[in-house]
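The values are calculated or read from the model by the stated rules, or taken from the named source; none is laboratory data. Given the structure is predicted, the values throughout are model-derived calculations rather than measurements. In this analysis, Cβ positions are derived from the backbone assuming ideal geometry, glycine residues included, and neighbour counts consider all displayed protein chains. These area figures cover heavy atoms from the full protein model, side chains too; ligands, DNA and RNA do not enter into them. Shrake-Rupley method; radii C 1.70, N 1.55, O 1.52, S 1.80 Å.
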Amino acid sequence: MQTTVSLTSPLSRPPHTLVTVAWIGVRELKDAIGTRWFTLYTLAFAALGLGVSFVSASGSGGSGLSGFGRTSAGLINLVLLVVPLMALSAGAASIASDRERGMLAYLLAQPVTPVELLLGKFVGLAVALLACILLGLGLCAMVVGFKGGALNASSIAWLAGLSFLLALGMLGTGMLISVVTRRASVATGTAVFIWLVLVFGTDLALMAGTLTFRLRIEELFALSLINPLQVFKMWSLHAIDSTLDVLGPAALYAVEEHGESLHAIFGLCLSAWILAPLTLACVLFSRKGVS
Amino acid sequence: MIIMHGVTKRFRRIAAVDNVSMTLDAGDSVALWGPNGAGKSTLIRCLLGLHRHKGVITVNGHNARSHGKRARASIGYVPQEIGFYDDLVVGEAIRHFGRLRGIRRTDIDGTLERVGLPGQLAKRVRDLSGGMKQRLALAIALLGDPPILVLDEVTASLDACGREEFMSFLGQLSGAGRTMLFASHRIDEIAALAKRVAVMESGRLTAVMDVASFASSHGVGSFVHLAIPERTRPRAMCVLSEGGFEPRLNGVGIIVPVRTDQKAAPIALLARASITVDDFEIISRATADAHAPIHGPT
């Protein structure tokens with residue numbers, strides 16, 4: 001066996017950051033699609049979405065637009081429950097499980113920086129989540145169309161887009177949890193706890209706060225912007241219906257006071273929820289490494 | 001090739017690596033020796049940029065902390081036990097790590113052939129034995145022929161047979177112009193692969209010596225090189241291992257590290273087991289470094 005070594009190896013110039021991120025993303029996407037949890041989430045989301053669409057469209061009596069309005073209201077609530085849980089748990093498992101099985105140290109011993117690894121995983125999982133959302137909502141749109149509804153393409157596009165933004169925010173939050181926890185089980189547990197707080201806890205806290213501190217309407221609206229799920233809910237309804245009547249006085253105040261600039265406000269809030277956890281995760285991961 | 005200056009890594013109040021300075025030139029082969037907890041693996045992790053540390057490490061002219069990606073591009077790394085993408089097939093795993101190293105077209109067949117894993121292309125990583133996984137890790141470490149090879153107790157999780165085979169591969173790699181830094185607590189591995197030994201204790205580098213001095217100080221005075229017919233070599237390996245020696249296959253026979261007053265003992269042991277020894281040679285420590293069967297490619 002002959003072994004030759006070139007000391008002026010081409011390896012002295014590692015691939016560009018974007019190339020590295022892309023390859024890690026592709027690997028992560030393939031891994032995610034192959035995992036059981038992802039298949040289960042996708043199937044559950046699609047099945048529940050189909051159920052909601054079928055029931056809503058059946059009750060619409062052929063009134064397509066109102067049929068889809070009812071469907072989209074049901075889907076918004078479904079997205080609020082399923083998508084954050086899916087994204088949070090995917091993000092939480094990403095780094096912590098690799099750390100636990102010794103894969104993280106091996107990956108970071110390659111010409112790969114911690115930020116490239118984190119962003120690559122983020123991109124791969126984001127694409128997987130997008131596929132899941134598009135599959136679920138696409139099936140729902142088909143059912144609505146099949147039941148004779150005049151399918152409002154822009155509504156479903158808004159819903160899919162906003163669901164994806166929510167998923168990105170929750171994915172970044174999950175990855176932040178994954179970076180700061182040592183064990184995958186702790187990361188997953190923390191992710192589920194955060195999900196419970198966002199889905200149920202903040203609503204209860206807002207109600208209690210309003211009663212206890214006699215919050216003014218603008219304060220109530222400002223506080224509701226802290227929760228990305230509330231932002232998603234308000235933005236989705238605003239984008240699809242242009243009114244926020246169903247959400248009560250705080251939402252009505254928001255429409256009166258901010259009008260069309262609500263899109264920008266909601267957009268800034270969700271962008272902050274995407275960028276802040278991801279940036280923090282990158283900084284902490286770079287400093288902390290595998291230790 | 002590798003320069004470490006004042007490297008210190010603390011975990012809370014404990015200094016896992018304490019003010020270590022060392023230089024490895026091109027083609028050098030240095031063993032990190034010391035008991036568990038001496039700081040060998042931590043030092044390697046600092047070199048790879050896996051731990052933040054004090055002091056400066058330069059790899060091939062690149063600072064391991066500030067330009068870690070560039071520094072690691074010059075390093076092939078084999079850990080003690082590898083955590084892989086278990087669902088991947090071997091070929092896909094090699095291709096993936098090749099891409100991360102910027103290698104557009106990986107000669108996968110050639111790579112596997114090189115480490116003795118031909119025909120394993122379509123096998124899933126989870127179906128490989130421990131020894132085969134280590135060979136896969138070695139194949140990945142050698143992608144693109146990096147000038148530096150870093151090994152962290154690579155044979156610790158292997159059985160006797162797997163260790164012998166793996167050492168045989170590594171023996172062919174050392175002395176081929178590649179710089180090697182490896183952690184081990186096995187004298188036979190150090191004798192086979194190292195030119196110098198860096199002794200670590202409680203995180204500190206207590207001595208750096210040539211391998212002959214190290215072997216003498218640890219009671220290993222010479223090697224006996226035994227020419228044994230190929231068909232009886234596996235049995236001879238077992239007999240010698242059971243007899244308390246640490247024999248190693250080197251492609252043309254068996255090398256046995258022995259104390260100076262025990263040179264005939266391996267031959268006597270094999271004779272009692274009715275194993276034919278065609279020829280033998282005593283290699284003293286002073287000449288060991290220059291002896292082809294021990295350090296050179298076969």
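Please verify whether A:LEU7 is modelled with pLDDT under 85, at the interface with chain B (Cβ under 8 Å from one of its Cβ atoms) and assigned to a loop (DSSP other than H, G, I, E, B), treating the condition exactly as stated.
Working: modelled with pLDDT under 85: yes; at the interface with chain B (Cβ under 8 Å from one of its Cβ atoms): yes; assigned to a loop (DSSP other than H, G, I, E, B): yes.
Against the criterion (modelled with pLDDT under 85, at the interface with chain B (Cβ under 8 Å from one of its Cβ atoms) and assigned to a loop (DSSP other than H, G, I, E, B)), A:LEU7 qualifies.
Among the residues of the range A:73-113, which ones are of a type outside the set (Gly, Ala, Ser) and open to solvent by 30 Å² or more (accessible area, probe 1.4 Å)? I'd like the intermediate steps shown before the answer.
Restricting attention to the range A:73-113, the residues satisfying the condition of being of a type outside the set (Gly, Ala, Ser) are A:75-86, A:88, A:95, A:98-101, A:103-104, A:106-108, A:110-113.
The answer is A:ASN77, A:LEU81, A:LEU85, A:ARG99, A:GLU100, A:ARG101, A:THR113.
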key: Residues located in the range B:59-92, provided they are over 20 Å from B:LEU151 (Cβ atoms) and open to solvent by 30 Å² or more (accessible area, probe 1.4 Å)   = B:GLY61, B:HIS62, B:ASN63, B:ARG65, B:SER66, B:HIS67, B:ARG70, B:ASP86, B:ASP87, B:VAL89, B:GLU92
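How do the helices (runs of 4 or more DSSP H) wholly within the range A:85-196 filter down when requiring 2 or more residues that are closer than 17 Å to A:GLY25 by Cα and not acidic (Asp, Glu): which remain?
On the way: elements: A:103-108, A:114-146, A:153-180, A:184-196.
Qualifying helices (runs of 4 or more DSSP H): A:103-108, A:114-146, A:153-180.
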key: Filter result (modelled with pLDDT of 80 or more and farther than 23 Å from B:GLN172 by Cα) within the range B:98-120   = B:ARG99, B:LEU100, B:ARG101, B:GLY102, B:ILE103
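Let me confirm something: among B:VAL252, B:VAL208, B:VAL220, which residue is surrounded by fewer than 19 Cβ atoms within 10 Å (Cβ to Cβ) and modelled with pLDDT under 80?
Details: B:VAL208 fails: modelled with pLDDT under 80; B:VAL220 fails: surrounded by fewer than 19 Cβ atoms within 10 Å (Cβ to Cβ).
From the options B:VAL252, B:VAL208, B:VAL220, the qualifying one is B:VAL252.
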query = Listed residues B:LEU48, B:LEU24, B:LEU43; which is open to solvent by less than 20 Å² (accessible area, probe 1.4 Å) and at the interface with another protein chain (Cβ under 7 Å from one of its Cβ atoms)?
reply = B:LEU48
ask   = Looking at B:VAL277, is it touching a helix residue (DSSP H, G or I) at 6+ places or on another chain (Cβ under 8 Å) and open to solvent by 30 Å² or more (accessible area, probe 1.4 Å)?
value = yes
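What are the residues in the range B:59-109 that are among the aliphatic types (A, V, I, L, M), in a loop (DSSP other than H, G, I, E, B) and within 10 Å of chain A (Cβ to nearest Cβ), if any?
Narrowing the range B:59-109 to residues among the aliphatic types (A, V, I, L, M): B:59, B:64, B:71, B:73, B:75, B:78, B:82, B:88-90, B:93-94, B:100, B:103, B:108.
Now restrict to residues that are in a loop (DSSP other than H, G, I, E, B): B:64, B:82, B:88, B:103.
If the condition is that a residue be among the aliphatic types (A, V, I, L, M), in a loop (DSSP other than H, G, I, E, B) and within 10 Å of chain A (Cβ to nearest Cβ), then B:ILE82, B:LEU88, B:ILE103 are the ones that fit.
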ask   = In this structure, does A:ALA276 turn out to be among the small types (Gly, Ala, Ser) and at pLDDT 95 or above?
value = yes
ask   = Can you tell me which residues in the range A:14-35 are more than 7 Å from chain B (Cβ to nearest Cβ) and either at pLDDT below 80 or closer than 30 Å to B:ILE2 by Cβ (or both)?
value = A:HIS16, A:THR17, A:LEU18, A:VAL19, A:VAL21, A:ILE24
task = Working only within the range A:203-246, note down all residues that are buried (at least 18 other Cβ atoms within 10 Å of the Cβ), modelled with pLDDT under 80 and assigned to a helix (DSSP H, G or I).
result = A:LEU206, A:ILE240
